[in-house]
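Reviewing the structure listed below.
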Amino acid sequence: MTQAAPRPLEDLIGELLDGIAALPTVGVRATGITFDLPIEARVDAGPAGPLVRADLPRTRTRTWFDRPIGRLSLRIGTLPVEEAR
């Protein structure tokens, strides 16, 4: 059984943000969000240079044969309209 290649890092980040945007609004407006997640990552050769591929770990338990787990620490925030340029 072959494992599918992890997706590009920007696809993972986009999916995380899509999930946040889909949450129902409850009268609270978020101005920022922080992600600190375990990821399996690797760098491949892409058509225009290095391509970072990353995905959430496939399993909870690890063996000596698995790649080491990395971390994705990402803070995304908004700026007031008058400061955004």
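The values are calculated or read from the model by the stated rules, or taken from the named source; none is laboratory data. Remember, predicted model here, so these are calculated numbers, not experimental data. Note that each Cβ is placed from the backbone with ideal geometry, even for glycine, and that neighbours are counted across all protein chains shown.
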*Is the stretch 24-46 home to any residue that is assigned to a loop (DSSP other than H, G, I, E, B), at pLDDT 85 or above and on the phi < 0 side of the Ramachandran plot?*
no
*Of these, ASP44, ASP11, which one is within 26 Å of PRO68 (Cβ to Cβ) and over 13 Å from the mean Cα position of the chain (by Cα)?*
ASP44
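Looking at this structure, is VAL52 over 13 Å from LEU12 (Cβ atoms), surrounded by 11 or more Cβ atoms within 10 Å (Cβ to Cβ) and either in contact with a strand residue (DSSP E or B) (Cβ under 8 Å, 6 or more places away or on another chain) or not hydrophobic (A, V, I, L, M, F, W, C) (or both)? Before the answer, list the steps.
Details: over 13 Å from LEU12 (Cβ atoms): no; surrounded by 11 or more Cβ atoms within 10 Å (Cβ to Cβ): yes; either in contact with a strand residue (DSSP E or B) (Cβ under 8 Å, 6 or more places away or on another chain) or not hydrophobic (A, V, I, L, M, F, W, C) (or both): yes.
No, not satisfied.
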